[in-house]
Amino acid sequence: MRALILALALILAAPMAGQAQTAPQVSGTPTSPTPMMPPVADELEVLKALQGGRVAGRITIPDQQAASLIQPQGRSWRDFHNVTLAWVGGIAVLGMLAILVVFRMSKGRIPVEGGLAGRTIQRFNGLERANHWMVASTFIILAISGLNLTFGRHVLLPIVGPEAFTAISQWGKYAHNFLAFPFTLGIVLMLLLWVKDNIPNGRDIKWFAAGGGLVGHGHPDSERFNGGQKGIFWITTLGGATVAVTGYMLVFPFMFTDIAGMQLSHIIHSIVSVLMIAVMLAHIYIGSIGMEGASDAMTTGQVDLNWAKQHHNLWVEKEMAKGRGAEPPASARAAGAD
């Protein structure tokens, strides 16, 4: 079949090439030789196309990359973006949502054992909370705008129509590009603020073996961050660094690498991103509606003493030893002042 296509291409090219070699004859006027034009179909380029190789044209500008007409790796990248990424992303995100629904229906909301103590202890200061929310808010926008690139044409376009979808995608692209900078800054600050409390140790193995208090009974000993939170921390920092570096490769095309490097960067960027989105869905659920008292840590910074003892008992002991005792809630202090 390839030989047949090659033969047809050469047959079609031969008459046109022959016509270009001679000028039309006009009676009564002398003829002058005309320069020979290159054949329309180059045998080597046709052969490359048939064999799946790179096909290049002729250009006069300095940028030789513009001469590429067919780049075989582009087919592989297109298949990845249109097929593989859609499957990986769909399974990861929808699978995590399904797991959370099952967990909610079977386990319910995790309560504070013994009820709220009515006394609080500071868990995070203002800088830690501000940086957390900068990373969280930018990540959410980056995630939504990124998912739109993969699933928007299939999910959003039929609902909102082409004009609205175009506007959403365009503004999403702007947000995705520019919010990458505060997201990266937040990742760096997060690493500096919390790395000392997130060094893995043998206690984390026991925490996972006991189900972290989420599965089964009892709550394993834990310091300021338990094994699950340490996992979230390293997924956020290392995964965030990966998507940041590969993202900048795409935001600034050909500045750091060639087209093959950009395609590889996109593959790594998108796979790590959808896996991070799936993990963050679980993190958001546990930190909000999935666990009683957990949301206070990143809103007021003060958590109930019983909650802290239940989930971070070793950390509470250290804080008490430092003289950082629990305080009554602000409302109770205000009432006592009256």
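A few notes on this one:
- Panel values: region 87-216, Kirkwood radius from alpha carbon pairs, Stokes-Einstein at 25 °C and 0.890 mPa s, translational diffusion coefficient 131 µm²/s.
- Its relative contact order, with pairs defined as Cα atoms under 8 Å and 6+ residues apart, puts region 127-186 at 59 percent.
- Computed from phi, the 3J(HN,Hα) profile of region 126-136 under the Karplus parametrisation 6.51, -1.76, 1.60 (θ = phi - 60°) reads x, 5, 5, 5, 4, 5, 4, 6, 5, 5, 5 Hz, with x in place of Gly and Pro.
- Above-threshold pairs, the threshold being 21 Å between Cα atoms, out of K196/K318; K196/K322; K196/K230; K206/K309; K230/K322; K206/K230: K230/K322
- Under 5 Å from the amide H of S222 lie the amide H atoms of N313, L314, W315, each residue being 5 or more positions distant or on a separate chain, with H modelled from the backbone and absent for Pro and chain starts.
- Taken one residue at a time, the phi angles of region 305-321 give Karplus couplings (6.51, -1.76, 1.60, θ = phi - 60°) of 4, 5, 4, 5, 5, 5, 9, 9, 4, 5, 5, 4, 4, 5, 5, 5, 5 Hz. Gly and Pro are set to x.
- Tail weight of P(r) past 23 Å, computed on alpha-carbon pairs of region 186-302, percent: 43
- Seen from L116, the other residues with C-beta closer than 12 Å to its C-beta sum to a net charge of -2, counting Lys and Arg as +1 and Asp and Glu as -1.
- Considering region 114-329 at the alpha-carbon level, its Rg and Dmax are found to be 20.2, 62 Å.
- Around G290: net Lys/Arg minus Asp/Glu count, Cβ-Cβ under 10 Å: +2
- Amide H contacts under 5 Å for I110, placed H, 5+ residues apart: M291, E292
- Prolate/oblate/rounded label for region 145-203 (Cα gyration tensor, a/c 1.5): oblate
- Legend: calculated FRET efficiency, Q122 to Y174, from the Cβ-Cβ distance at R0 = 30 Å, rounded to 0.05, equals 0.20.
- Evaluating 6.51 cos²θ - 1.76 cosθ + 1.60 at θ = phi - 60° for every residue in region 245-257, the Karplus couplings come out as 5, 5, x, 5, 4, 8, 5, 10, x, 6, 7, 10, 7 Hz, glycine and proline recorded as x.
Each reported figure results from applying straightforward, stated rules to the coordinates on display, with no laboratory input. What you see is a predicted model, and the numbers here were worked out from it, not measured in a lab. So basically every Cβ, Gly included, is an ideal-geometry build from the backbone, and we count neighbours across all protein chains shown.
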